[in-house]
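Every number in this text was worked out from the coordinates using simple rules, so none of it is lab data. Source: prediction; values computed, not measured. Cβ coordinates were reconstructed from backbone atoms using ideal geometry, including for glycine residues, and neighbour counts include every protein chain displayed.
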Protein chains: 2
Amino acid sequence: MMDYIKSPMDIEKRSFEIIEEEMGKYDFSERELSVVKRVIHTTGDLQYKEIVYIREGAIDSALKLLKKGTTIYTDTNMAAAGINKKVLSKLNCKIECFVNREEIAKIAKDKGITRSMAAVEKAVEEGVEFFVFGNAPTALFKLKELVLQGKAKPKFIVGAPVGFVGAEESKKEIEKLNLPMITIRGRKGGSNIAAAIVNSLMYMITR
Amino acid sequence: MMDYIKSPMDIEKRSFEIIEEEMGKYDFSERELSVVKRVIHTTGDLQYKEIVYIREGAIDSALKLLKKGTTIYTDTNMAAAGINKKVLSKLNCKIECFVNREEIAKIAKDKGITRSMAAVEKAVEEGVEFFVFGNAPTALFKLKELVLQGKAKPKFIVGAPVGFVGAEESKKEIEKLNLPMITIRGRKGGSNIAAAIVNSLMYMITR
C-alpha cells in the first residue's frame, strides 16, 4: 500500500499552503487572494497570479447575488459541472446553461448564430444577473452587445473564455463595460477556472 | 454589432493553425500532435507541448477500445461533461463516473477512503478498461494498487490529475506501470484536459 494523503480537505489545505509559499509577492486583499489561490489550485499554474483581474466591488456584487439566491448562467455544461452543488443548494442558488437545449439549437440555426450566443440571449430574456463564461468568446461578445443595446443588465460577470481566436479580445471588450466582473486576461482561461471562481465566491459565505 | 468569427468550426480551425505556428519545433507523430494541439487549444497554454506524455502504442490501444465501443470511467463529473456526447454515442461508447452515487459515498465513509478511490474500485469491479483521471491523485494511486494486486487490468489510462499535493507523484507512479497511457507531467492537468485528450482520440476515428 502506497503512502499518500487521502483526505480531500487535507489535500486542499496543504495545496493552498504551498501556493501561498510559492506565490511570492502579491497585492491582493484577503478575499481576492482566495479567488486567485483557488484558480491556481485548479490549474497547477502559478501564472494565474498575474492574469486574474478582479474589478473593485466585484466580489461584493457577486456575494450579494449569491446571498439572496440567484440563477447562475454558465456557457458550458463543464463549467456547470464544476460548480459545487452542495454549496449551491445551501445558498438556494441554481445553474442554467441552456446551450444544449433543443430550442436553443433551433434558434441558433434559424438566426445563423452560435448556440452559445443564442443561450446568452435566452439567459438575458429570463432576467439572469450572474453570468459565467469559461469557453465561448462569442457568448461574451453577445452579452456586451445586449448590454450596449440596453437589453441586458448583468450584476456580475465571470469572463474566462480560453483560446487563440477571440478569447482575449472578448475579455478586453467586456472589460470596457463599467460592470462588476472577474476576468482572466490573455489567452488562458477555461470552464474549470470559471467554476473555480464561482466556488471561491460561494465558499466566502459558507465556510 | 461587433465583428468577430461566429462559427465554432472556423474558430477551432483557425485556433489550430495559430497553435501550429507558435509551437515551433516538435517531435510528434501526426496523431500525437492532434492530442497535444487539442490540449493547448483547451488551455491556451503552449507549455503543454512539453508536458504531454504519450506512451508508444497508447493511441492504438485507446482507438481499439473506442472502436469496439467501450465504457469510459472518469474521476469527475466535469471531465464527463467535457467529453463530446454526440461523438461518444456515434461510437457506441458510454461514460461512467460513479463518484456522486450514494453507494460510493457510503463505501468511502465505511472504509475511510476518498469517494474517488471508492469509485475506482467500483469501476474495476465493473470491468472498465478505459480510465480517465483529471482531478484525483488518490484515484490514480488506487488504480496502481489494484493493478499491482492483479485486480485491475486497464487497457488505456489518461493520467491528468492537477495540483500541488500528490498530483505529480501520482502520475510518476502510474508511469512506472507498463501500460498504454497518456499523462500530463508535473503539476498541471485538470478535468478539462482529460476530456480534451479523450475528444482528440475520438475525433481521430470520426472526423
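Annotations
- The other copies place their residue A:53 label points at 3.7 nm from this one, listed shortest first, where each point is 7 Å from Cα along Cα→Cβ.
- With the label put 7 angstrom out from Cα along the Cα-to-Cβ vector, residue A:176 ends up 5.6 nm from the copy partners, going from closest to farthest.
- An oblate overall shape is assigned to segment A:121-207, the ratio a/c of its alpha-carbon gyration tensor axes (a ≥ b ≥ c) being 1.5 or greater and a/b not exceeding b/c.
- Taking a ≥ b ≥ c as the square roots of the eigenvalues of the Cα gyration tensor, segment A:18-126 is prolate, since a/c reaches 1.5 or more and a/b is larger than b/c.
- P(r) weight above 19 Å for segment A:29-88, C-alpha pairs, percent: 44 percent
- Value of relative contact order over segment A:27-206, rounded to a whole percent, pairs C-alpha under 8 Å and six or more apart: 28 percent
- Reach of residue B:67 by Cα under 26 Å, taken over lysines that are not fewer than 8 positions away in the same chain: B:13, B:37, B:85, B:86, B:90, B:94, B:122, B:144, B:151, B:153, B:155
- Label spacing, shortest first and in nm, from residue B:150 to its equivalents in the remaining copies (7 angstrom along Cα→Cβ): 7.7
- Counted over all Cα-Cα pairs of the protein assembly as shown, pairs farther apart than 34 Å make up 27 percent.
- The protein assembly as shown: calculated mean residue ellipticity at 222 nm from DSSP helix runs of at least 4, using -39500 (n - 2.57): -16500 deg cm²/dmol
- Total formal charge among the other residues, if their Cβ is under 15 angstrom from that of residue B:127, Lys/Arg +1 and Asp/Glu -1: +1
- Panel order for A:202, B:117, by other beta carbons found within 10 Å of each beta carbon, from fewest to most: A:202, B:117.
- Global form of segment A:1-69, assessed from the alpha-carbon gyration tensor, a/c cut-off 1.5: oblate
- Springs between Cα atoms under 10 Å define the GNM used for chain B, and in it the highest mean-square fluctuation of B:176, B:122, B:85 occurs at B:176.
- Annotation: amide H-H contacts under 5 Å for residue A:95 (H modelled 1.01 Å from N, sequence separation of 5 or more, or interchain): A:72.
- The ellipsoid equivalent to the alpha-carbon distribution of segment A:27-206 has semi-axes of 24, 18, 15 angstrom, derived from the gyration tensor eigenvalues as √(5λ) and listed largest first.
- Panel order for B:187, A:38, by other beta carbons found within 10 Å of each beta carbon, from fewest to most: B:187, A:38.
- Taking chain B as a Gaussian network of alpha-carbon nodes connected by springs under 10 Å, the highest mean-square fluctuation of the residues B:21, B:145, B:96 belongs to B:21.
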